[in-house]
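Participant: Input: one structure, supplied below.
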Amino acid sequence: MKRSFTALAILSLLAGCATITFGPNPEPPAKDFIESLKSGDGNVSELVVDSSSEKSQEISRVLKKLKEESKNPAAKAGADYLDKLSVEKCFMGESESLCRLSDGSDLVLERSGWSWKVNLDRSDVVANLQEKTQALFRAEQSPETVAINFTVALIDGDLEMAKEYSTEKTHLLLPLIVGMMKMARTEEQAAKFEEAKKELQSMKCEIQGDKAQCAPEGKSKPMDLVREEGIWKVEMKKGGNEDSEDEPEEPSMDDSEP
């Protein structure tokens, strides 16, 4: 009789606890996913909800690039990020679970039968990895591309983008230059600005080692670029094309015109 009472008590307890969730622990598949990133094999198709999604493809692309460019200084940030990444704790729900990673981001997993799979569209790991490896893919860009993107950023008044394509010395000048460009961008000048963007497509660069001078066809004043850790960046400094360790030069009105 006592045994029957105990069984009934347990059943009664379970019936009254609707919030209790039974199922596989989401932590092992979350750890498997992180380890697959660290191994660099790029094979995460069995661990994610949709292996054909854009973010799944991006993860594979980044991992492949990290492996191919392992000796490139620009790959260090991405490799270091993955080395330090780990699963700290997981919270299991009925149809989805959340695992907190060591970088403070969350990994969302969805139930798939009697297992869990990572939902990349709802997880931060792809965006974080892209941010850490951004410089790696910048290393692929030619000086012509960098010069074009930098100039377009100035024309559009995009300070952050201009910083992305320039050296730290040049960053000191950019607020002034971008401010001048915004003031000059009137409705009357809009067509001229757009025409200037089209002219940039004829950009040509002369490269000498880790330095380059770039200008669109027909333009006599070149733009200086330097290669820092494998990445081309625009550099404005005192003395124009002359080498100098002094403070960056003050921009002229010619520098602010498209």
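Participant: State the number of residues belonging to the stretch 45-75 that are surrounded by fewer than 17 Cβ atoms within 10 Å (Cβ to Cβ) and assigned to a helix (DSSP H, G or I).
Facilitator: The qualifying residues number 9.
Participant: Moving on. On the basis of being assigned to a loop (DSSP other than H, G, I, E, B), without any contact (Cβ under 8 Å) to a residue 12 or more places away in the chain, over 30 Å from Trp232 (Cα atoms) and not aromatic (Phe, Trp, Tyr), does Gly23 make the cut?
Facilitator: No: the conditions fail for Gly23.
Participant: Looking only at residues that are more than 18 Å from Glu131 (Cβ to Cβ) and of a type in the set (Val, Ile, Thr) in the stretch 35-67, which one is modelled with the lowest pLDDT?
Facilitator: Checked the stretch 35-67; the qualifying residue modelled with the lowest pLDDT is Val44.
Participant: Moving on to the next point. Quick check on Asn149: is it within 19 Å of the chain's Cα centre (by Cα) and not assigned by TED's automatic domain parsing to the domain that holds Ala191?
Facilitator: So Asn149 fails the test.
Participant: For the stretch 202-218, state whether one or more residues are within 23 Å of Thr167 (Cα to Cα) and of a type in the set (Ser, Thr, Tyr).
Facilitator: No, the stretch 202-218 contains no residue that is within 23 Å of Thr167 (Cα to Cα) and of a type in the set (Ser, Thr, Tyr).
Participant: Hey, can you tell me all the residues within the stretch 195-218 that are assigned to a loop (DSSP other than H, G, I, E, B), touching a helix residue (DSSP H, G or I) at 6+ places or on another chain (Cβ under 8 Å) and under 22 Å from Lys237 (Cβ atoms)?
Facilitator: Met203, Pro216
Participant: Here's another thing I want to ask about it. Which number in (1) of a type in the set (S, T, N, Q); (2) surrounded by fewer than 16 Cβ atoms within 10 Å (Cβ to Cβ); (3) modelled with pLDDT under 90 marks the one condition that Ser202 misses?
Facilitator: (3)
The values are calculated or read from the model by the stated rules, or taken from the named source; none is laboratory data. None of these values were measured; they are calculated from a predicted model. Because the Cβ atoms are built from the backbone with ideal geometry, glycine has one as well, and the counts that use them run over all protein chains shown.
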